[in-house]
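Taken together, the values in this text are just the output of simple stated rules run on the coordinates, not laboratory data. No experiment lies behind these values; they were computed from the predicted model shown. Here Cβ is always computed from backbone atoms with ideal geometry, including for glycine, and neighbour counts include all displayed protein chains.
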Amino acid sequence: MLIEIVNKNAEEALLSLIEEVNRKNTAMVGIYFQLSKVGASPKEDDIINMFKSMLGDRQAKVYFFRDGDILIAWHGAQKALIEEVRKKLYEQYPVENLDSYYDLHAQGEELRMLIKKKIEAIPPSPKATNQPLLSNTGKQSTTLKIDSDQIAFFKAKAKERKGRMKTEVLVVEDQNFSKQLLVGMLDKNYKTYGTASAEQGMELYLAHAPDIVFLDIELPGMNGHQFAEQINKLDPDSYIVMVTANSYTDDVMRAKNNNAKGYVVKPYSKQKILDSLKNLKK
Amino acid sequence: MSEPVDLKNLREMTDGDKEMEKSLFQEFFSSFEDGIKALKASLGDIAAETWRKNAHALKGISLNLGANKLGELCKSAQEKNTSPQDAKKSLLAEIEWEYAEVKKFLQGCM
């Protein structure tokens, strides 16, 4: 099971997904569940457990919106599965008319308008300090802002690392095939988060303080080196392993300078990945 | 003649999980075909960096799959991103030919 939780800026993340679905013309369905109507706010683990058996190896994304609503999306459009997911959700939240079904390609525009309204309704956060996290250096420079709440939340999460029963892994890889391969392997024994962009990777890092990150270098927007550089500034205990199809000296040296703990050249092998995890525990 | 794909590495990672394998193959087809379209759209000099990025992405997924010859062709495309259009067209034809072999092989495994 490959469930990716999107719980920070989920609205914006979903807009990106709709854009991608339309660009690639892929089949993807989403069930939108208005839990804000009943004042419910499900926990990530509860949602994962609820869908574990029925989704099998499908790669699904669950968007937790700031108002309490959720949207679960996956590739393909199997009717039986849609009904099964709806049934399961209604067992948990037995209130009528809570859900809407969307074919993200055919009804992308309709969903996009709904999400935009959600974004407009979000009140500005008075606590946000908008500290720039990235300087404008490098070719693919991106300025990412994080707020003081996110930093405080991250620091508390990072303290929990030592007591964790299960190692938490973040995979940042923009190629779906490679991400699915790596997340699929790791997910059997580790709590694994996967994402295709450094920006979302940063959100996941701040939200979960993973023990180890497998990080691709060539990413859209902020690249892997820039991501590693910023994580290294934020978190002295970070453990980053670069994964890339390139073995250029410049990339290796830049990874070293950013305090990366390993450098795996594709193809991935089970042994190389397990070695990285063994080294983490030393 | 050797097979177009060596699945040993991938099968170690999936622990022989057939469903996961099938889903990965489908993802590979979808990603690779999108990548070919993107290469076709970036043959001109002005899009040399887009060509390089797409070829790099295709190289990565081919190598992770175990399609080594296809990976080598994509590597060559990545490195020749500033070559004349005719040279790129010819490389693209080789990539498409090899991809067809890989797809046929994988479909036979599903």
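When +1 charges are put on Lys and Arg Cβ atoms and -1 charges on Asp and Glu Cβ atoms, the dipole computed for the stretch A:2-121 relative to its Cα centre reaches about 80 debye.
With the charge dipole of the protein assembly as shown set up from +1 on Lys and Arg Cβ and -1 on Asp and Glu Cβ about the Cα centre, the Cα lying farthest toward the positive end among the listed residues A:A158, B:M13, A:Y93 is that of A:A158.
Per-residue ellipticity at 222 nm, computed for chain A from helices alone with -39500 (n - 2.57) per DSSP H run of at least four residues, works out to -13500 deg cm²/dmol. Note on B:T82, A:T26, A:T244, A:T195: ascending count of other Cβ atoms within 10 Å places them as B:T82, A:T26, A:T244, A:T195, the fewest first.
Each residue in A:T167, A:T249 was given a count of other beta-carbon atoms within 10 angstrom of its own, and listing them fewest first yields A:T249, A:T167. I want the local charge near A:E110. Using Cβ-Cβ distances under 14 Å, sum +1 for each Lys or Arg and -1 for each Asp or Glu among the other residues. With Lys, Arg at +1 and Asp, Glu at -1, the net is +2.
Sparsely packed loop sites in the stretch A:46-116 (the GluC sites (Glu not before Pro) outside DSSP H, G, I, E and B with at most 12 other Cβ atoms within 10 Å) comprise A:E96.
A dipole drawn for the stretch A:156-266 from +1 and -1 charges on Cβ atoms has a positive end, and of A:H225, A:Y248, A:L181 the residue lying farthest that way is A:L181.
Close amide H partners of A:I212, meaning residues 5 or more places away or on another chain with modelled amide H under 5 Å apart, are A:E168, A:L170. For chain A, averaging the sequence separation of C-alpha pairs within contact (under 8 Å, six or more residues apart) and dividing by the residue count gives a relative contact order of 15 percent.
Among A:V85, A:V265, a tally of other beta-carbon atoms within 10 Å of each Cβ gives an order, fewest to most, of A:V265, A:V85.
A straight Cα-to-Cα reach below 17 Å connects A:K281 with the aspartates and glutamates A:E160, A:E168, A:D211, A:D237, residues fewer than 8 places away in its own chain not being considered. Positive end of the dipole of the stretch B:1-87 (Cβ unit charges, origin at the Cα centre): among B:G44, B:L70, B:L24, the Cα lying farthest that way belongs to B:G44. Sparse packing (at most 14 other Cβ atoms within 10 Å of the Cβ) combined with a DSSP loop state is found for the following trypsin sites (Lys or Arg not before Pro) in the stretch A:168-197: A:K188.
What you get for chain A, charging only the Cβ of Lys and Arg (+1) and of Asp and Glu (-1), is a dipole of about 960 debye around the Cα centre. Seen from B:L43, the other residues with C-beta closer than 10 Å to its C-beta sum to a net charge of +1, counting Lys and Arg as +1 and Asp and Glu as -1.
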